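The values are calculated or read from the model by the stated rules, or taken from the named source; none is laboratory data. All values derive from a computational prediction rather than experimental measurement. Every residue, glycine among them, receives a Cβ derived from its backbone with ideal geometry; neighbour counts consider all protein chains shown.
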Amino acid sequence: MQKKKSKERISQSIEAGVLNRLKVSRRSENGIYLASEDATEVLLPNRYLPQRVEEGEIMELFVYHDSEDRLVATTLRPSAMLGEFGLFEVVAVESYGAFVDWNLPKDLFVPLSQQKSHFRVGEKKVLVVALDARSGRVYASERLGKFYEKSMKGLGPGMKLEYMVIARTPMGWKVVADNRYEGMLYDNELFEEMSVGKRGYAYIRKVRKDRKLDLTLNPPSADEKIAEDAGRIRAYLEAVHEPLYGGYKLSPEDIAEHFHISRKAYKRALTKLIEDSEIELREDDKGVYPALLKEQ
């Protein structure tokens, strides 16, 4: 849980399954109530209260439905939040579904319709945390395919992504990268033990046409990384016809948005493109921008 200064922006509304920035509005016998921008309130029970809390203070809290199906705030963090994948232990199995431990007092429900395999108490399952649009309640699903991001825009070789292993395959290990993309780590490129649920960092080797990623644990060499970053800038300039103003002074935010690399990496790649006579920096009344030489 993080305390925020009162001048910082709070959440527009209270949402289940995610962290909410909420303002302390009033006290009660059971705890304190916190409000969102639309004046909706949620209770933070006494057992989660910090030693000191003041009215008007902003707190960052996780919100979910308690055992009585009421929205409640907590300073605890679940093992996975809305949209995230995780490895969960099955703690109960019923005719209508199963329940898994996610580090909160109320276990996470896995509807029968969201199960692909038979659930047994004590075993661990790879699941994704999802939201029922009709009820607003959070649940878990074993049907992972429909939750993968299908757009590969902005991805390219050499990019570093966090991964979690989700399954063994004949060729290697299936993973989910950055809680969004389906990918593979291949046995012939692995030099460490892998297991379902293991997390770490990997690098994109190839963005496949079937909207999956081939990953490797081996970082690219410095020269390879510069060449890959330069290729990313070149591809952007070929695809986008409007100038990207800024040159070497392009903001870190714009660099991250367009190229998904650091400012230092951007400058190195820009220099390589200029030295290789692939681009030049041009200037008009709006500022400096990189342009492909073939456009001349």
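Taking every residue in segment 172-201 that is within 19 Å of Leu127 (Cα to Cα) and acidic (Asp, Glu) and pairing it with any residue that is modelled with pLDDT under 95 and in a strand (DSSP E or B), at least 6 positions away or on another chain, the pairs with Cβ-Cβ distances below 9 Å are Asp178/Leu161. Where strands (runs of 3 or more DSSP E) fall entirely within segment 179-242, those with at least 3 residues that are aliphatic (A, V, I, L, M) are at 199-207.
Looking across segment 114-148, the residues that are more than 21 Å from Tyr64 (Cβ to Cβ) and hydroxyl-bearing (Ser, Thr, Tyr) come down to Ser117, Tyr148.
Note on segment 145-170: residues that are part of a helix (DSSP H, G or I) and of a type in the set (A, V, I, L, M) amount to 0.
Filtered by the rule that a residue be within 25 Å of Glu228 (Cα to Cα) and surrounded by 15 or more Cβ atoms within 10 Å (Cβ to Cβ), segment 190-208 gives Ala202, Tyr203, Ile204, Arg205, Val207.
Residues in segment 1-36 that are in a loop (DSSP other than H, G, I, E, B), surrounded by fewer than 14 Cβ atoms within 10 Å (Cβ to Cβ) and modelled with pLDDT of 90 or more: Gln12, Ser13, Glu29, Asn30.
Residues that are within 25 Å of Asp178 (Cα to Cα), within 27 Å of the chain's Cα centre (by Cα) and not in a loop (DSSP other than H, G, I, E, B) do occur in segment 49-60. Return a yes/no flag: does segment 134-144 have any residue that is over 28 Å from Arg268 (Cβ atoms), part of a helix (DSSP H, G or I) and not acidic (Asp, Glu). Yes, because at least one residue in segment 134-144 is over 28 Å from Arg268 (Cβ atoms), part of a helix (DSSP H, G or I) and not acidic (Asp, Glu).
Out of Leu44, Leu19, one residue alone is in contact (Cβ under 8 Å) with a residue 24 or more places away in the chain, in contact with a Ser or Thr (Cβ under 8 Å, 6 or more places away or on another chain) and among the aliphatic types (A, V, I, L, M). It is Leu44. Residue-level analysis places Met81 outside the set of residues that are at pLDDT below 95, of a type outside the set (Gly, Ala, Ser) and within 22 Å of Leu22 (Cα to Cα).
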